[in-house]
Amino acid sequence: MRNQWLGMVMVMLGLAVAANAAMIGTYVDADGGTGGNTVNNSTGDPDDWWTTENSDSDDLWAYREKPAYRDGDFYECSGTNYEDAPMIKTTISGLTAGTSYEIRVIYASETKLTTDWIIAAGLSAGSLTRYQWGDGVSEETGVEIESGVAEMQVLIGTVVASVEGTISAYIDMPDAEGRCDYDGVTYLEVPEPATMGLLTLGGLGMLIRRKR
Ligand SMILES: [Ca+2]
Ligand SMILES: [Ca+2]
Ligand SMILES: [Ca+2]
Ligand SMILES: [Ca+2]
């Protein structure tokens, strides 16, 4: 019994350490195009919001390839010319209907802050929040995209999966000078209250055991 508790504590410590410098949850790459999971939020079109042209004034997201990004690709828009690319929606599917998940957005941000690398994201199209490196809520995953550019994760909220087993995240570029590099999202199932209760009881049991 003692060894089982020890094992459990080791696992929990391991998770706590891992959470400090690693991606939290299961990654889902954002992809446009037919069969992808990301569409223009206004039109629902999988293709009308992006191009392979890397222009900072076409009001479109640029699809770019670079090995350091997840699945080797990402979508970028630039605020240098205040381009206004469409708000996009990435839908995670295959989740358990009625179960709560923490949703995080994965993006890139410069850590020297000589340029603003920012993203606006949220779980409802009507309320997006602006995020960037050093904002106090975004965390580095430990992956370096390039010198001075870190892969970032930020918790945008906790939400219950729909009856279809889906959750959508909304992404846009804030109206500011800078750029936005969007890679994808992660999901992490939130333990149900019953499970949390058992964990707490387990912890109490351990304390009592130690006092004896
Ligand atoms: Ca563009
Ligand atoms: Ca991809
Ligand atoms: Ca990607
Ligand atoms: Ca926009």
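The values are calculated or read from the model by the stated rules, or taken from the named source; none is laboratory data. Nothing here was measured: the structure is a model prediction, and the numbers come from that model. Positions of Cβ are generated from backbone atoms using ideal geometry, with glycine treated the same way; all protein chains shown enter the neighbour counts. Keep in mind that these areas ignore ligands, DNA and RNA; they rest on the heavy atoms of the full protein, side chains included. Shrake-Rupley method; radii C 1.70, N 1.55, O 1.52, S 1.80 Å.
Which numbered condition in (1) away from ligand 3 (no atom under 15 Å from the Cβ); (2) open to solvent by 30 Å² or more (accessible area, probe 1.4 Å) is the only one that residue 63 fails?
Answer for residue 63: the failing condition is (1).
Identify, by number, the condition in (1) surrounded by fewer than 18 Cβ atoms within 10 Å (Cβ to Cβ); (2) closer than 18 Å to residue 29 by Cβ; (3) of a type in the set (Gly, Ala, Ser) that residue 108 doesn't meet.
Among (1) surrounded by fewer than 18 Cβ atoms within 10 Å (Cβ to Cβ); (2) closer than 18 Å to residue 29 by Cβ; (3) of a type in the set (Gly, Ala, Ser), the lone unmet condition for residue 108 is (1).
Starting from residues that are assigned to a loop (DSSP other than H, G, I, E, B) and open to solvent by 50 Å² or more (accessible area, probe 1.4 Å), keep the ones in segment 23-40 and report whichever is farthest from ligand 1 (Cβ to nearest atom).
Per the stated criteria, the residue is 35.
Is there any pair with a first residue in segment 81-96 that is among the basic types (Lys, Arg) and modelled with pLDDT under 95 and a second that is open to solvent by less than 10 Å² (accessible area, probe 1.4 Å) and in a loop (DSSP other than H, G, I, E, B) whose Cβ atoms are under 6 Å apart and which are 6 or more apart or on different chains, and what are they?
From residues that are among the basic types (Lys, Arg) and modelled with pLDDT under 95, there are no pairs.
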